[in-house]
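J.: After the structure tokens below, expect a handful of questions from me.
Nothing in this text is a laboratory measurement; each read-out follows from the coordinates by a stated rule. Here the structure is a predicted model, which is why all the values come from computation and not from measurement. FYI the Cβ positions are ideal-geometry reconstructions off the backbone, even for glycines, and counts take in every protein chain you see.
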Amino acid sequence: MRTNADAGGRVRHLLAHRLFWPVVTLVVLLAVNASFNSSIWHLQWRDGHLYGSLVDIVNRAAPLALIAMGMTLVIATRGIDISVGAVVAISAAIAAQMIGGQLVVDNGVQTYVSRVPMPLALITALGVAALCGLWNGLLVARVGMQPIIATLILMVAGRGVAQLITEGQIITIYYAPYFFLGNGYLLGVPFSLWIAAVVYLALHFALNRTALGLFIQSIGINPAAARLAGVRERPITVCVYMFCALMAGAAGLLISSNVKSADGNNAGLLMELDAILAVTLGGTLLTGGRFSLAGSVLGALIIQTLTYTIYSIGVPPEVNLVVKAAVVFVVMLLQSAEFRRALRQWVVRRPLATRT
Amino acid sequence: MADQAVATGVALPERRLASYLKSNIREYGMLLSLVAIMAFFQIVTDGTLFKPLNLTNLVLQNSYIVIMALGMLLVIVSGHIDLSVGSVAGFIGALAAVLIVRFELNFVLAMAICLLTGAAIGAAQGYFVAFFRIPAFIVTLAGMLVFKGLALAILQGQSIGPFPQSFQLLSSGFIPDQFNGTDLRLTSLFLGIIAAVALMVMDFRLRRNQFEHGMDEEPYSLFIIKNLVFAGAIIFLSYLLASYKGLPNVLVIMFVLMLLYDFGTRRTTIGRRIYALGGNEKAARLSGIKTERLTFYTFINMGVLAALAGLVFAARLNTATPKAGLGFELDVIAACFIGGASAAGGVGKVTGAVIGAFVMGVMNNGMSILGIGIDYQQVIKGLVLLAAVFVDVYNKNK
Amino acid sequence: MSTTRTSSAGSATPGLPPVLHLRGIGKQFTAVRALHDVEFRLFAGEVHGLMGQNGAGKSTLIKVLTGVFPADRGEMRLSGELISPANPHDAQLLGISTVYQEVNLCPNLSVAENIFAGRYPRRGGRGLWRIDWPRMARLAKERLARLNLDIDVTRSLSSYSVAVQQMVAIARALSVQARVLVLDEPTSSLDDDEVQRLFSVLRQLRSEGLAILFVTHFLDQVFAIADRITVLRNGERVGEYLTPELQPQALVAAMIGRELDTTSVARAAAATEAQAEQAPLLRATAVARRGQLLATDLTLRPAEIVGLGGLLGSGRTELARLLFGLDRVDSGALEIQGEAIALDHPAQAIRRGLAMCPEDRKFEGIVPELSLRENIILALQARLGIWHFLSRARQEEIATRFLRVLDIRAGDIESPISQLSGGNQQKALLARWLATEPRVLILDEPTRGIDVAAKQEIMNEIMTLARQGMAVLFISSEFEEVVRVSDRIAVMRDRRKVGELPGGSSTEDVCQMIAATS
């Protein structure tokens, strides 16, 4: 008897764990993939690094994971940031423009050099991204605009800014060291994964080893109580938006490095949607409060795996969008109290009907 | 005290003028800004702006934005937002192409099907927003994705066209000229004059009605000036258009819709109920207004207008492309906010939204003539939107 | 126990049955008995005041009356007919019109539109959809003229003062062929002239035969306008009185309870003389905030408990919020430990040793989804800042300590605070502030909704803290509590301080000070 109760309790505890459903979804997706494409699990060691479909998925998911982590914090404070796509484009454009594509002959060998030292380009790109976040944060916290409107402004203007920086062209980047960001491997594992991991660990540390996580959650759950308790909600809100934009900037660097170009128009297109979806899949509610960083990262992986699955099935890319939308939809429906109530009524009514 | 009676006809004319202007400053401000911007660009482009050809293009380029702004205004006033309109417009355009070009369906029937589809789309989204209370931006964001994908799917990645002549008339057609004028399309000019006179007559009647019921009306001097200016402007613009190809069909459509929606939002019960809903949902419900149903209807309306805009756009380009509708929603939303709608709901005028759309349109057009890049245009668009919302928030927090 | 004196006051004809008659009304909310066997009568042509403290059942009775929810027991009769409105709209259709405390109109619409929202006069008769604006404006003007208000009805509602908005709300309530007009605290945002204007309107409506139910906290107002007064306490009707026959002290006594304590209670361990010499920890001089508090002085010294006594609506919470930095002071000066300061944010006050347990623990107190532990250490952590993070062990230690000291009944410190009972939540909030080791502690209704045993524990804890040097500002609607523990009692009424009483005063002294007309 005791073992049954124990097992039951443990199972319930497992089911109730926040990450349970995201993990299950991911596993199911991978299984579906493996069922018609067993090579997905193949991992080889080639050219000094890991090689395989899983590695690709992880590499592509890293930028999305970064943005999702930033978005998680914004959503936790009851806000939203739909300008991240534009910030991705801006940061990619700045880096590409500063690095340029000059060809130089050096000792008879043609090499590409960078217009400015690469670290400077990277720092500038990230700095400008942070400024974008500061802009958003001030509009929300000081001016008092609704987050969706405030970030809509940057979403509209930001693409234009990105295009201006690239002067309307798609800048191709030739500078080899830059490719390392999105294509390189460190100790056999993609460099982008390292970046995402480092950010995750740093964030985890900052949120759990300092009071930041506690404050963000209180602001999201009950802003009035947080204020009364002495939490400085305005500076924290501004910082959260800055961080989100910074992550978008970093993602922009990774993406442009991966495709070796910066496209002001298309870089980061619709990434805000993917990010919001990743956060929601990971279990964080759009109404703010408790959040799950790990959940958002899992959400990013799920989305990337989903995209990969759809491609490998051979379904046209437009269906990708439809499927994504359907998934958002189902998640939102399940989160809606009215819907759950309606569902319960419907479910409860049916057995009664059959009984008579 | 300000709360006490506002004197009618007893106070000095100058004081009345000043106080009237102050209380309606937002409206007149918008209009004056539009006039100022037009004047600015007219000068800066050495008179190209008002050239008949350019004016015609300006109207044609902004038609779909105006059409959608009418619907978006109602959605925003009711306190929600619709991010899917661009994708829906693109999808409907693609649907029309498939029906008309590929299946060779009669274009009137195809248009009817398209409008009904738009209504169905609006109904689906509206149902989730109104009855399940899922935030509108999520539902319509999902809708945006779905219809972008569906458009790609039914077009199979290609562009479909051209459309038959009869369909193209929707966008590129002009009012036929009965008088066979050579340089001047007289019918169009006459229509313009008639419209101007009709508006003046309606305004006079309204003023007389107000006077009979003792309501505060515009100071007489302002009233006369305003009507003369409007009439003059309409006749002038009709003349300019008439000297090119006449009044575009789509302008007539826009005008009719504008009148309809302006009337609806100002003088019908259902229109005013939407404003009550946006102002204070609880109070509206307490007054017996069926708020969920009303929200549902605004989304259906948006769907139909988005479909219409999609048809107009496809007819203008003469093809349906997968990229159609990209970014429309931002233009439309910006137009509404520039025109004075409030993000919190309950505030916004049809005339404002139309003016806002034209402000954006004139800026786009003028900047293109000047050769300013699209990118700068995007930045400036963003800044104008910022200014408009900033003013709104600042006023609210005062 | 209730007393009823039948009336022959106002223009109510003796012998005529009441327009509105509630009998045996009972309402239960899971654990709380909000109303029990309440009888209420409202006659045509009278203004009837409904009085009672918070938790007395006033708002529940109003909600039953206006159809927000049905009563569990009892019956309601309107002009003799049994009614049970299913929702507020229903009640309106029956002829019971309500004007709420917060103007529940649409600020973006014009005055005329607000009056006729949902019932627009149409062009061409009913059923059509074109609004007849000119007729609507004319009718609106007529309605407002009935209230002696002549304003431009086409301007938006928000362009008028709150007083005018209230009038518009009343005009709207009247336009529905009302037989009963319910005014729920209509004067809380009005100044004196505006109140007088409202009253003259009410008198006129009364002479036209309308039955008016007037809910308010303000004593002088109810004596000025009401013909009869019904007092509720703890969900039961204490009595229905004719105003001319009711003394103010008796009214106050009925509201707060019949246990008038005429014996003085000496507070143990009173070094009262020495206290007066110590430098004040907090000194407020003529602090005021427009629409909320008139110029008030208050001084708090170490090791003393200052009680803030007064009825609901007297401005106690507003004063506390100003002292703590939640609201900005419009005029007056604030000094904390000798340092003059203008507070923008509670964090500034907390840094200087202040702490406050808010009145509404649901909205401004607990952070629902967070655990008990997180709620307890929140303020302390906020004061320490982001970097100086309390380790998990330290947090648990603090939380467990207070769990024991205050006897908080909770599963464990990790359970979400929303699962705790009201009393335990309140204790947790108290723990939160005690953890910051403040010099000045402001407690706003700390014992509301708490059982007797827990109340005792909290009060004992407060007295211990004061003995150890803390200054405590204790706000409570229960006068016995206030007089029992306070060294000094500042008495407030109608948004200002009317005087101070020394420790050892009786509840009757407090009542007298409140009731005294200045």
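J.: What is the sum of charges, Lys and Arg at +1 and Asp and Glu at -1, for the other residues whose Cβ falls under 15 Å from the Cβ of C:Arg495?
T.: Numbers: positive: C:Arg289, C:Arg290, C:Arg316, C:Arg321, C:Arg493, C:Arg496, C:Lys497; negative: C:Glu185, C:Asp191, C:Asp192, C:Glu194, C:Asp220, C:Asp297, C:Glu318, C:Asp327, C:Asp330, C:Asp494.
Residues close to C:Arg495 contribute a combined charge of -3.
J.: Shifting gears a bit: Dividing the alpha-carbon radius of gyration of region C:340-485 by 2.2 N^0.38 Å (N being the number of residues), what value is obtained?
T.: Working: Rg = 14.7 Å, N = 146, 2.2 N^0.38 = 14.6 Å.
Relative to the 2.2 N^0.38 Å estimate, region C:340-485 comes out at 1.01.
J.: Less than 10 Å Cβ to Cβ from B:Gly90, Lys/Arg counted +1 and Asp/Glu -1: what total charge do the surrounding residues give?
T.: On the way: positive: B:Lys148, B:Lys323; negative: none.
Computed value for this residue: +2.
J.: Please state the Cα pair-distance histogram of region C:105-161 with 10 angstrom bins from zero: what percent is in each bin?
T.: Using 10 Å bins, I get a P(r) of 26, 52, 20, 2 for region C:105-161.
J.: Compare the peptides B:273-280, B:48-55 by average per-residue count of other Cβ atoms within 10 angstrom and give them in order, highest first.
T.: Numbers: B:273-280: 26.0, B:48-55: 17.0.
Taking the mean over residues of other Cβ atoms within 10 Å, the ranking is B:273-280, B:48-55.
J.: Turning to a different aspect of this structure: Compute the length gained on full extension between B:Leu169 and B:Gln42: take 0.36 nm times their separation in residues and subtract their Cα-Cα distance, giving the result in nm to one decimal.
T.: Length difference between fully extended and current span is 42.8 nm.
J.: Per 10 Å bin, what is the whole-percent P(r) computed from every C-alpha pair distance within the protein assembly as shown?
T.: Per 10 Å bin, starting at zero, the Cα-Cα P(r) for the protein assembly as shown comes out as 2, 8, 14, 18, 19, 17, 12, 7, 3, 1, 0, 0 percent.
J.: Could you work out how far helix A:271-281 tilts from the main Cα principal axis of chain A, as a 0 to 90 degree angle to the nearest 10?
T.: Tilt relative to chain A: about 30 degrees.
J.: Now for a separate question. Label A:Tyr51 and B:Leu186 with points 7 Å out from Cα along Cα→Cβ: what is the distance between them in nm?
T.: So the two model labels end up 8.2 nm from each other.
J.: How far is helix C:162-174 tilted, in degrees, relative to the longest principal axis of the Cα atoms in chain C, given as a value from 0 to 90 rounded to the nearest 10?
T.: 40 degrees
J.: Based on the Cβ-Cβ distance of B:Gln61 and A:Val143, what FRET efficiency does E = 1/(1 + (r/R0)^6) give at R0 = 41 Å, to the nearest 0.05? Don't jump to the answer; show the numbers that get you there.
T.: Working: r = 33 Å, r/R0 = 0.80.
Efficiency for this residue pair is about 0.80.
J.: Something else: Rounded to the nearest 0.05, what FRET efficiency do C:Glu335 and C:Asn460 give with R0 = 25 Å and r taken as the Cβ-Cβ distance? Could you check?
T.: Details: r = 31 Å, r/R0 = 1.23.
It comes to 0.25.
J.: Given R₀ = 41 Å, what would the calculated FRET efficiency be for B:Ile113 paired with B:Ala387, taking r from the Cβ atoms and rounding to 0.05?
T.: Working: r = 41 Å, r/R0 = 1.01.
About 0.50, to the nearest 0.05.
J.: Still on this structure, please answer the following. Of B:Lys148/B:Lys245; B:Lys349/B:Lys381; A:Lys324/B:Lys349; B:Lys282/B:Lys381; A:Lys324/B:Lys323; C:Lys63/C:Lys141, which pairs sit farther than 28 Å apart, going by alpha carbon to alpha carbon? Present the calculation step by step, with values, prior to reporting the outcome.
T.: Values: B:Lys148/B:Lys245 35 Å; B:Lys349/B:Lys381 20 Å; A:Lys324/B:Lys349 36 Å; B:Lys282/B:Lys381 35 Å; A:Lys324/B:Lys323 19 Å; C:Lys63/C:Lys141 30 Å.
Cα-Cα > 28 Å for B:Lys148/B:Lys245; A:Lys324/B:Lys349; B:Lys282/B:Lys381; C:Lys63/C:Lys141; rest within.
J.: Test of understanding: extend the Cα→C-beta vector of C:Asn234 to 7 Å, then name every residue of region C:44-87 with backbone N under 16 Å from that spot.
T.: What the label zone holds, given the 16 Å backbone N cut-off, is C:52-58.
J.: Compute for chain B: radius of gyration divided by Kirkwood radius, i.e. Rg/Rh, restricted to C-alpha atoms, rounded to two decimals.
T.: Details: Rg = 21.9 Å, Rh = 22.4 Å.
Ratio value, two decimals: 0.98.
J.: With N residues in region C:17-65, what two-decimal value do you get for its Cα radius of gyration over 2.2 N^0.38 Å?
T.: Values: Rg = 11.7 Å, N = 49, 2.2 N^0.38 = 9.7 Å.
Scaled against compact globular proteins, the figure is 1.21.
J.: For C:Asn148 and C:Arg351, calculate 0.36 nm times their separation in residues minus their Cα-Cα distance, and state this gained length in nm to one decimal. Don't jump to the answer; show the numbers that get you there.
T.: Details: separation 203, 0.36 × 203 = 73.08 nm, distance 5.22 nm.
Length gained between C:Asn148 and C:Arg351: 67.9 nm.
J.: Now for a different question. How large is the dipole of region C:105-161 about the Cα centre if only Lys and Arg carry +1 and Asp and Glu carry -1, each at its Cβ, rounded to the nearest 20 debye? Mind showing how you got there, number by number?
T.: Details: 11 positive and 5 negative charges, 66 e Å.
Computed about the Cα centre, the dipole is about 320 debye.
J.: Still on this model: Per q in 0.14, 0.15, 0.22, 0.23 Å⁻¹, report the Debye log10 I(q)/I(0) for region C:361-437, using one uniform scatterer on each alpha carbon and no solvent.
T.: At q = 0.14, 0.15, 0.22, 0.23 Å⁻¹ the computed log10 ratios are -0.37, -0.42, -0.94, -1.02.
J.: Amide H to amide H, which residues 5 or more places from C:Arg493 or on other chains are under 5 Å from it, using H placed in the peptide plane?
T.: C:Val498
J.: Label B:Arg293 and A:Ala224 with points 7 Å out from Cα along Cα→Cβ: what is the distance between them in nm?
T.: With each label placed 7 Å out from Cα toward Cβ, I get 3.4 nm.
J.: Equivalent-ellipsoid semi-axes (√(5λ), Cα gyration tensor) for region C:169-214, whole Å, largest first?
T.: Values: eigenvalues 67, 28, 16 Å².
After diagonalising the Cα gyration tensor, the semi-axes are 18, 12, 9 Å.
J.: Here is a further query. Quick one: what are the phi-derived ³J(HN,Hα) couplings along region A:129-141, Karplus 6.51/-1.76/1.60 with θ = phi - 60°, whole Hz, x for glycine and proline?
T.: For region A:129-141, the Karplus-derived couplings read 4, 4, 4, 4, x, 4, 4, 4, x, 5, 4, 6, 7 Hz, x marking Gly and Pro.
J.: Still on this structure, please answer the following. What does the net charge come to around C:Gly469 if you take all other residues with beta carbon closer than 14 Å to its beta carbon, with K and R at +1 and D and E at -1? Present the calculation step by step, with values, prior to reporting the outcome.
T.: Values: positive: C:Arg301, C:Arg439, C:Arg467; negative: C:Glu304, C:Glu437, C:Asp487.
Overall, the nearby charge balance is 0.
J.: What do you get for the angle between helix A:212-221 and the principal long axis of chain A? Use alpha-carbon atoms, 0 to 90 degrees, nearest ten.
T.: 50 degrees
J.: Using modelled amide H (1.01 Å from N, peptide plane; none on Pro or chain starts), what sits under 5 Å from the amide H of C:Thr98, excluding residues fewer than 5 places away?
T.: Under 5 Å from the amide H of C:Thr98 lie the amide H atoms of C:Val182, each far enough along the sequence or on another chain.
J.: Follow-up question, since we're still on this one. Taking just the alpha-carbon atoms of chain C, what radius of gyration and Dmax come out, in angstrom?
T.: According to the Cα coordinates of chain C, Rg and Dmax are 25.2, 82 Å.
J.: Right, another one. Once you have the Kirkwood Rh of region A:12-105 from its Cα pairs, apply Stokes-Einstein at 37 °C and 0.692 mPa s and quote D in µm²/s.
T.: Numbers: Rh = 17.4 Å.
D = 188 µm²/s.
J.: Where does region B:303-398 land on the Kirkwood hydrodynamic radius, alpha-carbon pairs, in angstrom?
T.: Values: mean 1/r = 0.0680 Å⁻¹.
Taking the inverse mean of 1/r over all distinct Cα pairs, region B:303-398 comes out at 14.7 Å.
J.: Which Rg and Dmax, in Å, describe the Cα atoms of chain A?
T.: Spelled out, the Cα radius of gyration and Dmax of chain A are 22.5, 92 Å.
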